1. Which condition from (1) touching a helix residue (DSSP H, G or I) at 6+ places or on another chain (Cβ under 7 Å); (2) surrounded by fewer than 21 Cβ atoms within 10 Å (Cβ to Cβ); (3) among the polar types (S, T, N, Q) is the one that A:Ser147 breaks?
2. Restricting attention to region A:123-144, which residues are assigned to a helix (DSSP H, G or I) and within 11 Å of another protein chain (Cβ to nearest Cβ)?
3. Search region B:80-95 for residues being more than 9 Å from every other protein chain (Cβ to nearest Cβ) and at pLDDT below 95, and hand back the single one that is surrounded by the fewest Cβ atoms within 10 Å (Cβ to Cβ).
4. Quick check on my filter: what residues within region A:10-24 are without any contact (Cβ under 8 Å) to a residue 60 or more places away in the chain, charged (D, E, K, R) and more than 12 Å from A:Glu36 (Cβ to Cβ)?
5. Could you tell me how many of the residues in region B:32-62 are surrounded by 20 or more Cβ atoms within 10 Å (Cβ to Cβ), within 12 Å of another protein chain (Cβ to nearest Cβ), assigned to a helix (DSSP H, G or I) and within 16 Å of ligand 2 (Cβ to nearest atom)?
6. Kindly indicate whether any position in region B:14-31 is in a loop (DSSP other than H, G, I, E, B), among the hydrophobic types (A, V, I, L, M, F, W, C), within 13 Å of ligand 2 (Cβ to nearest atom) and crowded, with 16+ Cβ neighbours inside 10 Å.
7. Which count do you get for residues in region A:150-209 that are under 20 Å from the mean Cα position of the chain (by Cα) and outside any loop (DSSP other than H, G, I, E, B)?
Amino acid sequence: MMEYGYYPGCSLTGSAKRLDQGVRQLCKKLGHSLTEIPDWNCCGALEYGDRNELVSISGENLEKARGMCKEIVVPCPACYKNLKDADPDRSFNILSPLELLSTGNLSQIEQKRDLKGQVFFPYYGCLLMRPEENSIKNRNIMEDVISVFGGDVDGEKMKDRCCGGNQLFLNKWATEKLSTLILGKTKGTVVVFCPFCHMAMQTFAVGRKVIYLTDLLLYVMGENKSL
Amino acid sequence: MNKRDHEIVFKHTGYRREDFSVCLGCKICASVCTVNDLTLNVNPQELLMKLFVGEKIEEDHPLVRYCTSCYRCTAACPWQIRIPEVVRAVKESLGMESRFEKAFKRSLDIWGRVYEPFVVAMTALDLLKGGYIKYMPKWMGYAGFHLPHKVKRLKPSNASKGSNPSEEGRS
Ligand code: SF4
Ligand code: SF4
C-alpha cells in the first residue's frame, strides 16, 4: 500500500488512453493510490534540440509536484526518461509502473486465468533500458510476469532493439523496416509498455496481437475478457 | 552548417568541444547504431569528429535524418556520449523541423500539452500525401474524443524561443 504522485503524460490522455486506464486499474488492484500532479505539462518528448529547454519543460512538472509527493509514477518511457533527466540529484523517485511489480507481489495477485500454451514477446524498446543511468531497475520484469502466470517467452535478443517509432511520421519506411526486423525475429503476442512501440508494432505487425503489459495483467486477474 | 551552428550545438547539448576529444575512434557506436539496420552505413563518431574539428555537417547526412534516439550508441560508448542529443541539436541548428514537430511544439505553446487532434489537423495533408490513410483501420483503437485542457505554466511557454544564442554569454 503506497501513495504515489502520478504523471500520465500527453499520449496517455489520447492515443494511449488504454495504458492510462490499465495503470490506474492495476494500481488499484495492488492497493496503491495515484494522485495526478496538478496542472502537469508536456515533458517535451524527443522534440527539442536544446537540452536546457527540454529539462526546463520537464522540470516544471517536478516543481509542481514538490511538497506533494516524492515518488512519482510515470508510465510513458519518454516522459520517464525526461523527468529523470530533469532530476539529476534524484530528489524524487521517478518510477515506471513496471518498477512497482516484483515476483513477490505478483504472487499476491488474485489469479483468475493463466497464460498456459500461449507465446509472448515482451518488448521493452529503448527508453526504459537506455541511457543506462535512467533505466528501470528490474529489466526482466515482463518476462517474469509472463512466466509466473504460465506463458512462454520469446525474443530475448530483440527485447531492447529500436522499433523506429519516433520516425513514424517523418520517414515511415524506416519505422517499417526496423519494426519488421524485430517482428520477423520473434513470435507470439507482442507485449509492450511504450505508446511509441505500441503504435509502430500495431502498424506493421501482420497477424500478431500487440498489447500492453497492463492488458495482460488485467486479463489474468479476470478483468479484461480476452487478450 | 557554419561556425555559429557549431556553437549552438555545444550550447544546446551542454557538451564542450574538448569533451569529444576523449572519443577513441573505437567505433563501437557505429557497430550498434540502429541507422545501420537501415543499411545506410553511418558512423556516429564521424559526426562528433566533425564538430570537434569544426567541419560542416550537411542536412542530408543519414544520421541527421534517420537517428531514432534509441541511445544504443550511448549505452555502448565507453564515455556514454549522448550522441542522439547531439544529433537533435544539429537538426535544430539547421532548422530542420518537420511540420509534425512544429505542430507538436505549437500545441505545447497553446495548451501546455500535446493535443493530438490538433497535431493531426495540422499535419493532415502530409498524412494524406504520405500514404498513412491505409493504416487508419489499425489505428481505430487510438481514436477517442477529448477536449484540449489548458494547463497553468510556471514559466512562459516560449521563453527560450526568442533567445538568441549569440547574445548570451558563453564561457
Ligand atoms: S541514438 Fe541515433 S546515433 Fe545512436 S545508435 Fe541510435 S540511431 Fe544510431
Ligand atoms: S563509441 Fe564513443 S568513444 Fe567509441 S567511437 Fe563512438 S563516440 Fe567515440
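The values are calculated or read from the model by the stated rules, or taken from the named source; none is laboratory data. Fair warning: this is a prediction, and the values are worked out from it, not measured in the lab. Glycine also receives a Cβ, built like all others from the backbone with ideal geometry; neighbour counts cover every protein chain displayed.
1. Failing condition for A:Ser147: (1).
2. Across region A:123-144, the qualifying residues are A:Glu132, A:Glu133, A:Asn134.
3. B:Gly95
4. A:Lys17
5. Looking only at that region, the number is 2.
6. yes
7. Total meeting the criteria: 26.
Residues are listed down the side, and each one gets a yes or a no for (1) within 24 Å of A:Cys162 (Cβ to Cβ); (2) of a type outside the set (Val, Ile, Thr):
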residue	(1), (2)
B:His12	yes, yes
B:Arg16	no, yes
B:Cys26	yes, yes
B:Val35	yes, no
B:Leu40	yes, yes
B:Leu47	yes, yes
